[in-house]
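Okay, so here's the structure we're looking at.
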Amino acid sequence: MWWKILGAAIFMYVLIGGLLTPLNPGITAVSPSKTGTGEDLILSVTGYNTHFTTAKNHRAWLKLDSIHAVPAENISILNENTAELRFLIPGTLPDNEELAAATLILDNEMDGSFVQPSALFIQNSQTQNPASDREWQQYIIKDLSVRKSMGFPYRNILNETIRNTFFHVALWFAMFLLLIAGIYYAIRYLRTQDIVFDHYSSAFNKVAILYGILGLITGSVWAKFTWNTFWTTDVKLNMTAVAMLIYLAYLVLRGSSADQDKRARLSAAYSIFAFVALIPLVFVIPRLTDSLHPGNGGNPALGGEDLDNT
Amino acid sequence: MNYKKFLLIIAALWIPVLLKAASQDTDFLRSTGKIYSVVIVICILFLGIIIFLFRLDRKLTKLENQINNEQ
């Protein structure tokens, strides 16, 4: 009985934690998006979940690479989520590049530090501005503030939908645990011919198939809001759909035979083969090619949130 | 089958929302950092699990009735 209460408690914890944990501050829009060298630039920044008016110590940088950066001359706060930053862009780009992408870094004591990668493109302008004698200084950004409370990491495009990692991703984890339990009892059935193990195995597999189908549907909804389509030709999507079809055939197989022992033996053997097919379909093939899913095709998941960032 | 009607009504309530999500005019669902897509995901999850539990309960009731009739 205790595990029923534990299940309900974990479910409530996930719901509450997934919905009430705040999203970390981030930058949604920067305008203008490109400028020339030597310009006196006013950059208007729109943030999300930021506390510009509440926080006191604001700092901002445009970062070119690991050694070149320029701090903001002046930061004027318009409201909690918008600010205007004034930058004096140096006259020439380092190494005489024609075009460079600069990362915008904002920092205050309440929100910690947050970035917008490739926020501003700086083009080498041919016109000689009076300010063009300014050079890119070797500027090391240090003493960044850290946000105190826990939050979901802010990612562009993902925004609040990053909360779906609590629901969509957890479904697949649960599906795999249930399938492992299912295959364990399938093997035990084949060894002992005890029909109780067949009941266990089929019950685990059926719930796992339910979770798999729900995972496909929820992933499809998530894709609509982040990849802008319900279904892409992403390898992981197609391969998972194939794996789910293999498992749907398991249900058909169980429904096709009236003889209990025959059905149990057939479905136990089939579920072992289906599980063996599932592993390369879901875990191996998407990692060999490009995939939109994080963690596949050399695509980092949330590795940037690691302490050592490896 | 009263519960079927109940589930159909709940599912039908979500059709306009899903249609809106499918159409291009998705300003509402994309507002406030796309939080409503998370709401849709949770609702799909909830509906799926509830439908599964209802079906399981119906099967169990059938089995219980069988056992009671045999006694």
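Sub-6 Å Cβ pairs linking a first residue in segment A:34-58 that is within 14 Å of chain B (Cβ to nearest Cβ) to a second residue that is surrounded by 19 or more Cβ atoms within 10 Å (Cβ to Cβ) and of a type in the set (Gly, Ala, Ser), at least 6 apart or interchain, are A:Tyr48/A:Gly26, ordered by first then second residue.
Please verify whether A:Asp65 is surrounded by fewer than 15 Cβ atoms within 10 Å (Cβ to Cβ), in contact with a helix residue (DSSP H, G or I) (Cβ under 8 Å, 6 or more places away or on another chain) and among the charged types (D, E, K, R), treating the condition exactly as stated. Taking the combined requirement at face value, the residue satisfies it. Screening the candidates A:Ile75, A:Ile16 for the property of being away from chain B (no Cβ under 14 Å), not in a loop (DSSP other than H, G, I, E, B) and not aromatic (Phe, Trp, Tyr) yields one hit, A:Ile75.
Regarding B:Leu63, is this residue modelled with pLDDT of 90 or more and on the phi < 0 side of the Ramachandran plot? When the stated conditions are applied, B:Leu63 passes them. Take segment A:219-233 and flag every residue that is more than 25 Å from A:Ser271 (Cα to Cα) and either within 9 Å of chain B (Cβ to nearest Cβ) or surrounded by 23 or more Cβ atoms within 10 Å (Cβ to Cβ) (or both). Selection gives A:Val221, A:Trp222, A:Lys224, A:Phe225, A:Thr226, A:Phe230.
Every residue, every condition in (1) open to solvent by less than 10 Å² (accessible area, probe 1.4 Å); (2) touching a residue at least 40 places away in the same chain (Cβ under 8 Å), yes or no:
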| site | (1), (2) |
| --- | --- |
| A:Asn205 | yes, yes |
| A:Gly212 | yes, yes |
| A:Ile217 | no, no |
| A:Asn238 | no, no |
| A:Ala241 | no, no |
| A:Leu251 | no, yes |
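Going residue by residue through segment A:118-125, is there one that turns out to be free of Cβ contacts under 8 Å to residues at least 60 places away in the same chain and on the phi < 0 side of the Ramachandran plot? No, because not a single residue in segment A:118-125 is free of Cβ contacts under 8 Å to residues at least 60 places away in the same chain and on the phi < 0 side of the Ramachandran plot. Just one of the numbered conditions (1) within 14 Å of chain B (Cβ to nearest Cβ); (2) among the aromatic types (Phe, Trp, Tyr); (3) out of contact with any Pro (no Cβ under 7 Å at 6 or more places or on another chain) is not true of A:Phe87: (1). Counting only residues that are at pLDDT below 75 and of a type outside the set (S, T, N, Q), segment A:116-135 holds 5 of them. Only residues in segment A:11-23 that are within 15 Å of B:Leu45 (Cβ to Cβ) count as the first member; pair them with residues that are charged (D, E, K, R) and surrounded by 12 or more Cβ atoms within 10 Å (Cβ to Cβ), Cβ under 8 angstrom, at least 6 apart or cross-chain, and list the lot. Partner pairs satisfying both residue conditions: A:Gly18/A:Arg163; A:Leu19/A:Arg163. Tallying residues that are over 22 Å from A:Phe173 (Cα atoms) and surrounded by fewer than 18 Cβ atoms within 10 Å (Cβ to Cβ) within segment A:264-284 yields 3.
The values are calculated or read from the model by the stated rules, or taken from the named source; none is laboratory data. From a predicted model like this one, the values you see are computed outputs, not experimental measurements. Positions of Cβ are generated from backbone atoms using ideal geometry, with glycine treated the same way; all protein chains shown enter the neighbour counts. The area values use the complete protein model at the heavy-atom level, side chains included, leaving out ligands, DNA and RNA. Shrake-Rupley method; radii C 1.70, N 1.55, O 1.52, S 1.80 Å.
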